[in-house]
Structure formats: structure tokens, C-alpha cells
Amino acid sequence: MEILSFPGPIPPVDVQILNHQRRIVARDYRNRRIGDFLKELDLTEGRGTGFPTIYRTMHKNDSPDPIFETDDQSTHFLTILPARQEKSDQASIEVKDLVFKELGDVVAFFKLPSNQASNQASNQVQEVINRTVHDKVIPILETATQWVSSRDLLTQIGLSVQSKNKNRYLTPLLKIGWLQLEYPENQTHPNQRYKITEAGNRYLEFVKSIG
């Protein structure tokens, strides 16, 4: 399960804290009045207390640890709850980390600091991406190494500047966290631009390493 929200966490919570701490202390709500109201209704937990609960629940279910991601500017917050892997036999245990059947498997793989895979696994990655996202992922990420507008981005990869192309080719990469917005709080900002994320960079480096 993947949950993507905009904008990201409030300082002092940042990408380093999310990657290295299981108990996260958040001193402020983004909207204190709404936060207190929802907490009183038992609809949410306050000040980061939900993070240990998530870790405990995933561990109790024999699921992999959850993955929390944001970028250096805290423009988004991505939560990935990996599914439990059934260990049917020794062979499946040995290769389970290199089997990619769904988009969630691929996204989770490229959240990791190190992502080495065999040629067989790389073929699985490309098949999943082409089937569930589209075949323009690599040229889009290569073009978005610096901030670029949707108009320039679509034009440089040979697509017409139409809203349907924006929704078809750019929006999916925002959802999986491989592209980020310069103004995430206002997606229709007149100066809106796109840029590759760390996870997107890892995927791009992976593709180049096997090419």
C-alpha cells in the first residue's frame, strides 16, 4: 500500500530522521486545531506517535518494515507499507528480494540506498514499469535532472503540450515519488516545475548500470 500526500512533514522531521529513527518526535501540527480535533475523535494520533504503532503492527504481521520518504524540501510525504512475503520454499526465500511482479515491489526497491539486481531481475523491473506506468519513464527522468516546466519537459521528449499527456506521463511519476513539484502546495501554480527525486535518481542510475 502506498500513501502519498502533499506537502511533507514539518521540521524538525526531515528525510534523515525518517530514514533512521523509529520513534519520531514532532513538536508541531501543520494545523494544530484540526490535529487536536481529530485526535479527540480517535481518528488520528498526534506528534508522531503513530510511527512506533506502524512499526509494531508491521512486525506483528511479519511484514517488512514500512518505508517513509520525503525530499530535502519536504514537498511530499510518501508512506509505503510492503506486503508480507510468503516463504513457500528455500528457493523462493533466496530470490524473493529480486522478484518484481507489481509496481509496489519496484518502488520499494528503489527506496533502498543500495539496489543491485541481476539481469533477470532488471528485465522484471522494466516489464513492470512499462506495463503499469509507461515507456517514457527514462527520457522524462533524464530530462528532469534540473527543474523544468511541464511544457518544456513534454516537448523535449517528443510529446505535444496537452493536459492529457501531462496526466498520462507526468502524474504517475509524481504518485510513485520519482518526480517532485517545485510548488506542491499549489499544483496549478503558473510557474510550476518538475524535478527528479532521490528515488527516481536511483532508478535512473540502475537503468544506466545495466545498459
- Of these, Y169, Y194, which one is over 20 Å from I80 (Cα atoms) and touching a strand residue (DSSP E or B) at 6+ places or on another chain (Cβ under 7 Å)? Y194
- Scan region 58-82 residue by residue and report those that are open to solvent by 70 Å² or more (accessible area, probe 1.4 Å) and touching a residue at least 40 places away in the same chain (Cβ under 8 Å). D72, Q73
- Filter region 155-173 for residues that are assigned to a helix (DSSP H, G or I) and in contact (Cβ under 8 Å) with a residue 12 or more places away in the chain; the one that is nearest to R202 (Cα to Cα) is L173
- Message: Checking the structure you have, find out if any residue of region 45-64 is in a strand (DSSP E or B), out of contact with any His (no Cβ under 7 Å at 6 or more places or on another chain) and at pLDDT 75 or above.
- Response: no
- Message: D71 - would you say it is at pLDDT 80 or above, part of a loop (DSSP other than H, G, I, E, B), in contact with a helix residue (DSSP H, G or I) (Cβ under 7 Å, 6 or more places away or on another chain) and of a type in the set (D, E, K, R)?
- Response: yes
- Total residues in region 133-151, condition open to solvent by less than 60 Å² (accessible area, probe 1.4 Å) and in a helix (DSSP H, G or I): 7
- Query: How do the pairs read when you match residues in region 185-211 that are open to solvent by 100 Å² or more (accessible area, probe 1.4 Å) with residues anywhere that are at pLDDT below 90, using Cβ under 7 Å and keeping only pairs 6 or more apart or on different chains?
  - Reply: E185/F6; E185/P7; E198/D71
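The values are calculated or read from the model by the stated rules, or taken from the named source; none is laboratory data. Everything numeric in this text was worked out from a predicted model, so none of it was measured. With ideal geometry, Cβ positions are generated from the backbone for all residues, glycine too; neighbour counts draw on all protein chains shown. Ligands, DNA and RNA are stripped out before the accessible areas are found, and what is left, the full protein with its side chains, is counted by its heavy atoms. Shrake-Rupley method; radii C 1.70, N 1.55, O 1.52, S 1.80 Å.
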